[in-house]
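The values are calculated or read from the model by the stated rules, or taken from the named source; none is laboratory data. From a predicted model like this one, the values you see are computed outputs, not experimental measurements. Heads up, the Cβs are rebuilt from the backbone with ideal geometry, glycines too, and the neighbour counts pull from every protein chain shown.
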Amino acid sequence: MTTTASQEAFLRAFHAGHPAVTAEAFGGGRAPDGRSSYEILCHRAAGSRRVLDLGCGDGLLLEHLARSGGRRLAGVDLSPESLALARRRPSLSEARLEEGRAQSLPFADDSFDACVSHMALMLMAEIDQVAAEVARVLAPGGVLACVLGGGGVGGEAYERFTTLLRSVVGEAPPSQRIPALGDRRTRSRDGLDEILGPAGFTPADWETVPIDLGGSADEVWEVVSRVYDLGPLDAAAVERLRAGFLTEAKEMAGPDGRVPCGFRIHVATARLR
């Protein structure tokens, strides 16, 4: 099995069991201005009438986009289970929702004015081909806007969780580890420009925004435990991780019991020349 096939097989299997995982993890998070990461991304597509959501999952981002009437919306995703949830959203009854790969989009040339992607571009293999496909389906002057993961905020619960997770995964057998996902160039502005430039995009506008995912220790565990790495771990390993995290999280809690849990996102926007 090729590397790309292995990655995509893992993602399909994970999302079959967790079809709304990204929305469940990030839907309740808020930036300092009160917006969610989904709302921030919608703003980057303001004024665009034909919008494609790349890796649309359960359709939460498309639902936000549908609040601006008159849009023609489409979404593509590897997971039929996630798409089934998207199709149940009344606001998406007229959206075109396709099961497919970003490396071979099922849309005609110049079909969209904007392409948005929330926490998905960084998971995709053959990323240069993805960029070429996005450029193909965008009209000249079209916008590509993405939310990319930037890691935890120092000293807060997400960073503590990732430290504990590395230890647990390091002790696990190879069969309980996820395949390498995506292309690390998507994690930096220079790397993203290296991908997008040859496809015809302008240098990316790059903004880093902290997202507050805090809550009670149990609530924060429900957020952080949705990462892909937990999927292959056996129940005993997950329970060790949970117990260790809850112990540390409760020590971090304020007088009101709230555990600080910050996560940085990068919001990247580029325009097709």
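The one condition from (1) free of Cβ contacts under 8 Å to residues at least 24 places away in the same chain; (2) over 23 Å from A268 (Cβ atoms); (3) not acidic (D, E) that G34 does not meet is (2).
For D190, indicate whether it is modelled with pLDDT of 95 or more, among the charged types (D, E, K, R) and under 27 Å from H15 (Cβ atoms).
Here the answer is no, as D190 does not meet what is asked.
Return yes when L65 is of a type in the set (A, V, I, L, M) and under 15 Å from the mean Cα position of the chain (by Cα) and no when it is not. No; evaluated as a whole, the condition is false for this residue. Looking at R72, R89, R101, R160, which is the one that is within 17 Å of A25 (Cβ to Cβ) and either among the polar types (S, T, N, Q) or at pLDDT 95 or above (or both)? Just one listed residue meets the conditions, R160.
Residues considered: G151, G155. Of these, the only one that is of a type outside the set (D, E, K, R) and in contact with an Asp or Glu (Cβ under 9 Å, 6 or more places away or on another chain) is G151.
Elements of the type helices (runs of 4 or more DSSP H) sitting completely within segment 1-89 and holding at least 1 residues that are surrounded by fewer than 15 Cβ atoms within 10 Å (Cβ to Cβ): these cover 3-17, 37-44, 80-87.
Selection over segment 108-144 of residues that are in contact (Cβ under 8 Å) with a residue 40 or more places away in the chain, surrounded by fewer than 20 Cβ atoms within 10 Å (Cβ to Cβ) and hydrophobic (A, V, I, L, M, F, W, C) gives a count of 2. Just a yes or no: is a residue in segment 7-25 within 19 Å of S104 (Cβ to Cβ) and in contact with a strand residue (DSSP E or B) (Cβ under 6 Å, 6 or more places away or on another chain)? Among the residues of segment 7-25, not one is within 19 Å of S104 (Cβ to Cβ) and in contact with a strand residue (DSSP E or B) (Cβ under 6 Å, 6 or more places away or on another chain), which makes the answer no.
Of the candidates G197, G231, G244, G262, the single residue that is surrounded by 15 or more Cβ atoms within 10 Å (Cβ to Cβ), at pLDDT 95 or above and either in contact with a Pro (Cβ under 6 Å, 6 or more places away or on another chain) or of a type in the set (K, R) (or both) is G262. Within the option set T186, T208, being of a type outside the set (D, E), loosely packed, with under 15 Cβ neighbours inside 10 Å and under 27 Å from E39 (Cα atoms) holds for one residue only, T208. Criterion applied to E239, E222 was being modelled with pLDDT of 95 or more, farther than 30 Å from V130 by Cα, more than 24 Å from the chain's Cα centre (by Cα) and not β-branched (V, I, T), and the one residue passing it is E239.
Here is the figure for segment 194-212: residues that are part of a helix (DSSP H, G or I) and in contact (Cβ under 8 Å) with a residue 24 or more places away in the chain total 4.
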